[in-house]
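Undergrad: Input: one structure, supplied below.
The numbers here are math on the coordinates, done by the rules we state, and not lab data. None of the values given here were measured: they were computed from a predicted structure. Virtual Cβ from ideal backbone geometry, glycine too; neighbours counted across all protein chains shown.
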Amino acid sequence: MNRFEDAIARARAEREGRIGQTPNLGSTTQHDEGKNPRAEAQPREAPGELDAIPNPVHYTITRQVKLNPESLDRNRVIAGKHDDARVEAYRHLRTQVLQTLNKNNWSSLAITSPHETAGKTLTAVNLAISLSHEVNQTVLLVDLDLRKPSVHETLGIEVQKGLIDCIESDEPIENVLINPGVQRLVLLPGRATGEDSSELLTSPAMMNLLSEIGSRYRSRIIIFDLPSLLRNDDALVFTPQADATLLVVEDGADTIDDVEKSMHLLSNANMIGTILNKAR
Amino acid sequence: MNTTAIEIEENTKSFEDYAKVLKRRLPEFFIPFAAIAIVVILAALLWPATYESTATILIQEQEIPREFVQSTLTGFAAQQVQVIRQRILTVESINKIADKFSLYRLNDGNKPPDTEVALRFRQNVSVDLVSADVIDPRSGRPTEATIAFKLGYQSVDPNISQRVANELVTLFLDENQRLRTKRAANTTNFLDAESTALNQELIDLEGQLARFKEANEGNLPELYQFNLSTLERNSREVTDIGVRIKELAKRETELSAQISQLSPTAAVLLPNGEAVLGDVDRLKILRSEFRSKSSIYRSNHPDLVRLNREIAELEASAGVVETQKDLLREIATLEGRRTDLARKFATSNPRIASTTSQIEVLKSRIAGGDFADSETRIADNPAYVFIDTQLMANVSERKVLEQKQKDLQQRIETLERQISRAPEVEKQYQALVRQLTGKEVEYSGLIAKQGEAERSENLEQEQRGEQYLLIEPPALPFRPSSPNRKAIVVLGLLFAFAFGIGFVALREMLDASIHGDKELTAVVGVLPFAVIPYIENGEDVARRAAIYRKGLVIVAIGSVALLLLVHVYIRPLDVVWSMLINRLTGS
């Protein structure tokens, strides 16, 4: 560790009002080439806000995870690659999204699709990564698929705690967050349970959590990876919560009917557009 | 909602879209295409060639123009050809040909059933008419006339096709000749029989007519007027005669009255006016005087002698004048006298005996007929004679006229009867005459036809009628007539292509999913935020490569296997190669 760099980091952390940092026990901190193990805690809108309300009990740290390039490749997470021509599509998406969000002063975006196979999780991940490369943006990616959360799988991360724990066990968010080694990107993963999760969705605890996320991370862009629309109503419940919704459509698989039904279901949400995925 | 989306989608398709579809569904196009293409090519290569040998037969116009001899075989040439074709292609005759050339034998050398052989043979025979546009010489209108026909047979063996075609030509020509001669003869025979029958009918009718005429002799229509006028004449005549008879009757009465006043014998008047008795009366007086005196005197009394002498003289000139009545009267008188005498005298008295002998003489005269007729008195009174003559003439005339009247009356009745029946008779007569005339016309027509038929028969027999002439004998075909391999390949490939495209189109139509941003835009209404291509990972790439490799291997192995199969089971490959070259460049 470079002491110099360390000092700078500490200074920055103080400037940004972080509470403290210690390496997470049990985290997979490996030799990272040039990755700063700085913790990304919740940035505040007003710099002084959270100073005034420190969490007295927990010392939260955002878990750092180094991503495996091979598994990223295998899982088609390409947004981080700079030399791949295919990334251009995501960049284009990012630009569109940013324009729309900024124009309307929106900060949260829900990603869903008619069916499971559309690749919305991958899209959400790649979009989040892409967005985070934009220097002025910080991105929080929330996995809201309570039945089969797959964001962490896509990134090749193991999780012990997930969103569900925040609701059921009252786990503080900070303990669940993960920094997947990409600057300005934080992940709130999900943990698979075998339980039936539909009641949880409408529970007050969930609503509280959502509003908490919304308020605490207001300056970030929050991307919600939702379950598919036509599988059950889980997604329907969320979509009105987000500022905007994008519908991912699978080229060659989703029918016109699917899309139309989805659009109908999203009539209460603010659907800003579609993404045609897996285009051939 | 669905339909509008589809409509928009259809309206905005461009060539690139179609190209994209094809690219996407390339395997779905290629496999059907390849399958059909292979089948087609194999078919084109392996289809066995058939060769056809064709002969051309000209239908020649008859040599002698139709106006002179109308051939009895009027009938369109086309019909003729078809008729002969039917006669030749009977099951029996086909099988004869098939046996002769060993056609359609199965692999084991047996032949299929007769009907099947016939069926297949007929399919291999072609009879095509050749027509030309001509002007019909009789009506001046342009028509199509059949001037020739082509007769062909196809087979896989060119030699067979030529030989069978030759056989067919021979059969055709022979049959044609036979038919024409026979038909011409048949016509003649038919007409002969007809004319004989008709002749008989004519004879019958004529007989009928003759009998009718006989039966209605006076009543034939042509006599009608005559009968009428005759009737009229006769009626008039009858009337005339009646009048005349009346006249005569009147005259007769007059004459009778006159004659009753007269005596037949004229009293001769002396110049001093005294009447002298006629000879007849004198004779009568003398005789009666003699008789009365002879009863008194003896026969030698001079008075008696004198009387005898005078009687004899008068009798010599006047003849026998006493009628039977006179004699009977005399006999009665004499018998009275005798009776008187018998009362007075004894029977031996000579006067009784002489009276008795006189009675006997008179009786024998009666018995012998020696007396004069009461009527035929010799009248010598001229007036009496004159009137008597007139009377007699009158009477006879009257009698004659009466008879004539009767005859005429009868004749009138006959005529009237006839006349009343005349219309009926006329009807029947006319009917008979009509029948007869009709039959006569028929007969004369028939005679004419007979003449034609006989001449036509001669024409045929002398081979100058419509003839079939072989102008092109069947040649040995060196090029197959079918199949057209190039055409098969070209068309087949086109079809395979179309089929592939069709299959793709079908699949595309059935595919309800969204393809491409255009379709998505059509549904959503706005362009998508982004179009993310399919991201391949290492596995995908590897898999694609694997499929590609596998595909190549399969094609290679498959080709080798196919060639091997062809080489072993169909034909050796070098033969196939040369066949290919030949077929594709030659056929």
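Undergrad: Report the label-to-label distance for A:E199 and B:A145 in nanometres (one decimal), using points 7 Å from each Cα along the Cα→Cβ vector.
TA: 10.8 nm
Undergrad: In addition: Name the lysines eligible as straight-distance cross-link partners of B:K427: C-alpha to C-alpha under 20 Å, and not fewer than 8 places from it in the same chain.
TA: Within the straight-line limit of under 20 Å, B:K427 reaches these lysines: B:K213, B:K439.
Undergrad: Taking the Cα of B:D157, stepping 7 Å toward and past its beta carbon, and measuring to each backbone N in the stretch B:98-137: which are under 11 Å?
TA: Only B:101-105 fall inside the zone, counting backbone N under 11 Å.
Undergrad: Based on the alpha carbon coordinates of the stretch A:194-280, what radius of gyration and maximum Cα-Cα distance (Dmax) apply, in Å?
TA: Expressed in Å, the Cα Rg and Dmax of the stretch A:194-280 come to 14.3, 43.
Undergrad: Would you mind estimating how fast the stretch A:121-186 diffuses translationally, via Stokes-Einstein at 25 °C and 0.890 mPa s with the Kirkwood radius over Cα pairs, in µm²/s?
TA: Details: Rh = 12.5 Å.
D = 197 µm²/s.
Undergrad: Determine, from the Cβ-Cβ distance of A:Q160 and A:E70 and an R0 of 22 Å, the FRET efficiency 1/(1 + (r/R0)^6), rounded to the nearest 0.05.
TA: Numbers: r = 23 Å, r/R0 = 1.04.
Taking R0 as 22 Å, the efficiency between A:Q160 and A:E70 is 0.45.
Undergrad: What share of all Cα pairs of the stretch B:178-241, in percent, falls into each consecutive 5 Å distance bin?
TA: 4, 14, 10, 10, 9, 9, 8, 7, 6, 5, 5, 4, 3, 3, 2, 1, 0
Undergrad: Taking amide H atoms as placed 1.01 Å from N in the peptide plane, list the residues 5 or more away in sequence, or in a different chain, whose amide H sits under 5 Å from that of A:I275.
TA: Under 5 Å from the amide H of A:I275: A:L247, A:V248, A:V249, B:F529.
Undergrad: Let me check I've understood the local charge: for B:R211, count other residues with C-beta under 15 angstrom from its C-beta, Lys and Arg +1, Asp and Glu -1. What total comes out? Intermediate values should be presented prior to the final figure.
TA: Details: positive: B:K213; negative: B:D204, B:E206, B:E214, B:E217.
Surrounding charge for B:R211 is -3.
Undergrad: Is the stretch A:140-231 best put as rounded, prolate or oblate by its Cα gyration tensor, with a ≥ b ≥ c the root eigenvalues, rounded for a/c under 1.5, and otherwise prolate when a/b is larger than b/c, oblate when not? Please list the in-between numbers first.
TA: Details: a/c = 1.45, a/b = 1.17, b/c = 1.23.
Judged from the Cα gyration tensor, the stretch A:140-231 comes out rounded (a/c under 1.5).
Undergrad: Give a residue-ordered list of calculated ³J(HN,Hα) values for the stretch A:263-280 (Karplus: 6.51 cos²θ - 1.76 cosθ + 1.60, θ = phi - 60°; whole Hz; x for Gly, Pro).
TA: After applying 6.51 cos²θ - 1.76 cosθ + 1.60, I find 4, 5, 5, 8, 5, 8, 8, 9, 7, 9, x, 10, 10, 8, 9, 6, 5, 10 Hz.
Undergrad: Taking the simple approach of a point 7 Å from Cα along Cα-to-Cβ for both B:R244 and A:R147, what is their distance in nm?
TA: Simple spin-label model gives 15.4 nm for this pair.
Undergrad: Work from the charge dipole of the stretch B:344-458 (Cβ charges, +1 for Lys and Arg, -1 for Asp and Glu, about the Cα centre) and give the residue of B:A353, B:Q390, B:Q430 farthest towards its positive end.
TA: B:A353
Undergrad: Moving to a separate point now. Name the long-range amide H neighbours of A:I223: under 5 Å, sequence gap of 5 or more, or other chain; modelled H, no Pro or chain starts.
TA: Sorted by chain and number, the residues that satisfy this are A:L109, A:L140, A:L141, A:V142.
Undergrad: Still on this model: Run the quick spin-label model on B:T585 and B:I41: label points 7 Å from Cα toward the beta carbon, then report their separation in nm to one decimal.
TA: It works out to 2.0 nm between the two label points.
Undergrad: Using r as the Cβ-Cβ distance of B:R543 and B:V130, and R0 as 51 Å, what FRET efficiency do you calculate, to the nearest 0.05? Let's see the in-between values first.
TA: On the way: r = 67 Å, r/R0 = 1.32.
That pair, B:R543 with B:V130, gives E of 0.15.
Undergrad: Write down the radius of gyration of chain B and its Dmax, each obtained from C-alpha positions, in Å.
TA: Rg, Dmax (Cα atoms, Å): 68.3, 215.
Undergrad: If you don't mind, another one. Starting from one equal scatterer on each C-alpha and no solvent at all, send me the Debye-based log10 I(q)/I(0) for the stretch A:61-111 at q = 0.13, 0.18, 0.28, 0.30 Å⁻¹, two decimals.
TA: The computed values of log10 I(q)/I(0) come out as -0.49, -0.81, -0.99, -1.04.
Undergrad: Consider all pairwise Cα distances in the stretch B:82-212 and report the whole-number % of them above 24 Å. Let's see the in-between values first.
TA: Details: 4689 of 8515 pairs.
So the portion of pairs separated by more than 24 Å is 55 percent.
Undergrad: Related question: For A:H82 and B:E28, what is the calculated FRET efficiency with R₀ set at 30 Å and r taken between the beta-carbons, to the nearest 0.05? Can you show the working numbers first?
TA: On the way: r = 38 Å, r/R0 = 1.27.
Approximately 0.20, to the nearest 0.05.
Undergrad: Across peptide A:85-98, what mean number of C-beta atoms from other chains lies inside 10 Å of a residue's C-beta? Show your work: numbers first, answer last.
TA: Values: counts 1, 5, 1, 2, 5, 3, 1, 4, 5, 2, 2, 4, 2, 0.
Across A:85-98, the average partner-chain Cβ count within 10 Å equals 3.
Undergrad: Output ³J(HN,Hα) for the stretch B:210-220: one whole-Hz value per residue in order, computed from phi by the Karplus curve 6.51 cos²θ - 1.76 cosθ + 1.60 with θ = phi - 60°, and x for Gly and Pro.
TA: 4, 5, 5, 4, 4, 5, 10, 3, x, 10, 5
Undergrad: Nearest 20 debye, what's the magnitude of the dipole of chain B about its Cα centre given +1 on Lys and Arg Cβ and -1 on Asp and Glu Cβ? Kindly include the intermediate steps, with their values, before the conclusion.
TA: Numbers: 72 positive and 80 negative charges, 241 e Å.
Taking the Cα centre of chain B as origin, the dipole is about 1160 debye.
Undergrad: Given H placed 1.01 Å from N in the peptide plane, which residues other than close sequence neighbours of B:I514 have an amide H under 5 Å from its amide H?
TA: Here the answer is A:G252, A:A253, A:D254, A:T255, A:I256, since their amide H atoms fall under 5 Å of that of B:I514.
Undergrad: Just from the alpha-carbon atoms, what are the Rg and Dmax of the stretch B:445-587 in angstroms?
TA: When restricted to the Cα atoms of the stretch B:445-587, Rg and Dmax are 35.0, 109 Å.
Undergrad: Can you check what the net charge comes to around B:K344, using other residues whose Cβ is under 14 Å from the Cβ of B:K344 (Lys, Arg +1; Asp, Glu -1)? Present the calculation step by step, with values, prior to reporting the outcome.
TA: On the way: positive: B:R337, B:R338, B:R343, B:R351; negative: B:D340.
So the environment of B:K344 carries a net charge of +3.
Undergrad: Find out how many positive minus negative residues lie around B:K550, taking Lys and Arg as positive, Asp and Glu as negative, among other residues whose Cβ is under 12 Å from that of B:K550. Don't skip to the answer; put the middle values down first.
TA: Details: positive: B:R543, B:R544, B:R549; negative: none.
That sum, taken over residues with Cβ under 12 Å, equals +3.
Undergrad: Okay, moving on. How would you classify the stretch B:528-587 from its alpha-carbon gyration tensor, with a ≥ b ≥ c the square roots of the eigenvalues: rounded for a/c under 1.5, else prolate if a/b is greater than b/c, otherwise oblate? Each step should come with its number before you reach the end.
TA: Values: a/c = 6.99, a/b = 2.53, b/c = 2.77.
Cα axes put the stretch B:528-587 in the oblate bin.
Undergrad: In addition: When 1/r is averaged over all different Cα pairs and the result inverted, which Kirkwood radius in Å belongs to the stretch B:383-529?
TA: Numbers: mean 1/r = 0.0331 Å⁻¹.
Here the Kirkwood hydrodynamic radius works out to 30.2 Å.
Undergrad: In addition: With a cut-off of 11 Å, note down the residues of the stretch B:284-314 whose backbone N falls inside the zone around a label point 7 Å from the Cα of B:S357 toward its beta carbon.
TA: B:299-300, by backbone N distance to the label point.
Undergrad: Let me ask something else about it. Ignoring everything except DSSP H segments at least 4 long, calculate the 222 nm mean residue ellipticity for chain B; use -39,500 (n - 2.57) per segment, divide by total residues, nearest 500. Present the calculation step by step, with values, prior to reporting the outcome.
TA: Working: 17 runs with 400 residues, N = 587.
The per-residue figure over chain B is -24000 deg cm²/dmol.
Undergrad: A follow-up question, please. Within 10 Å of each Cβ of B:515-521, how many other protein chain Cβ atoms are there on average? Walk me through the numbers on the way to the answer.
TA: Numbers: counts 6, 5, 5, 1, 5, 10, 2.
Mean partner-chain Cβ count within 10 Å for B:515-521: 5.
Undergrad: Arranged from highest to lowest average of other beta-carbon atoms within 10 Å per residue, in what order do the peptides B:515-528, B:324-337 appear? Mind showing how you got there, number by number?
TA: On the way: B:515-528: 19.4, B:324-337: 15.9.
Taking the mean over residues of other Cβ atoms within 10 Å, the ranking is B:515-528, B:324-337.
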